[in-house]
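Enquirer: Could you have a look at this structure, given as structure tokens, before my questions?
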Amino acid sequence: HAGASSYVPKSDIVDELADTVWSVLDLAEANRSRTELVGHLADRETRFRLSTDVDLISPLVAFVQEGLEAIGFANEGTRAQIGIALMEALANAMVRGNLEVGSELRRTDRDAYDALIAERMREEPYRSRKVEFVARESTERVEYRIRDEGRGFDPVRVPDPTAAENLLAVSGRGIMLMRTFMDEVEFGPRGNEVTLTRRVSADPADEGT
């Protein structure tokens, strides 16, 4: 409870203490070596199949950001931008995609919006739908594919969120942030899949803060 790594019964202290100390030291050294080893990681792929639960979004994004820091991808500002883009993409997949709750309701009645999300997370067919998350990461380039099991939408018909008349609109804000913070944002033809790509800038000074 106090944070000990191991213990030795007093009756065995003469025989066991040295071995126990060496075991703890070996573990500590292995952890330091693992940190050094990760710095040599060329690339990796991670897959999640998520339940439609908005409470899973933040832990997943934190997991991704910790991984990017471990492999030394870009700087803290860039990793934060990637995190925001992923938050928006995952929320879009779960809420708009699987739960079929539109963003316009959030603008008109936030309480009703939150209540409808909570309700549909308990109802079929919404609650059984999944979100597939695939991450492909290297020290030079990261790519994230997010796919929901909702009805989808026509990406071509989405108003340009960067147009002046749409900048303050709730609808399309997530797409605007994704396109702002990622180098490439590509939707599948059904609109229920999006791929986000970010590369390391050739000039470190160009990386976001």
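The values are calculated or read from the model by the stated rules, or taken from the named source; none is laboratory data. As the structure is a prediction and not an experimental result, all values here were calculated from the model. Using ideal geometry, Cβ is built from the backbone for each residue, glycine included, and neighbour counts are taken over all protein chains shown. Ligands, DNA and RNA are stripped out before the accessible areas are found, and what is left, the full protein with its side chains, is counted by its heavy atoms. Shrake-Rupley method; radii C 1.70, N 1.55, O 1.52, S 1.80 Å.
Enquirer: If you take every residue apart from E45 with its C-beta less than 10 Å away from the C-beta of E45, what net charge results, scoring Lys and Arg +1 and Asp and Glu -1?
Expert: So the surrounding residues net to 0.
Enquirer: So, for the stretch 35-145, what is the accessible surface per residue at a probe of 1.4 Å, expressed in square angstrom?
Expert: Heavy-atom SASA per residue in the stretch 35-145 reads 52 Å².
Enquirer: Would you kindly derive the ³J(HN,Hα) couplings of the stretch 134-140 from the backbone phi angles with the Karplus curve 6.51 cos²θ - 1.76 cosθ + 1.60 (θ = phi - 60°), listing them in order in whole Hz, with x for Gly and Pro?
Expert: Each residue of the stretch 134-140 in turn: 10, 10, 10, 10, 9, 6, 10 Hz.
Enquirer: Count charges around R141 for me, please; just the other residues with Cβ under 13 Å from its Cβ, Lys/Arg as +1, Asp/Glu as -1.
Expert: -3
Enquirer: OK, next. What net charge is computed for the residues neighbouring T195, neighbours being all others with C-beta under 9 Å from the C-beta of T195, Lys and Arg scored +1, Asp and Glu -1?
Expert: After counting each charged neighbour, the total is -3.
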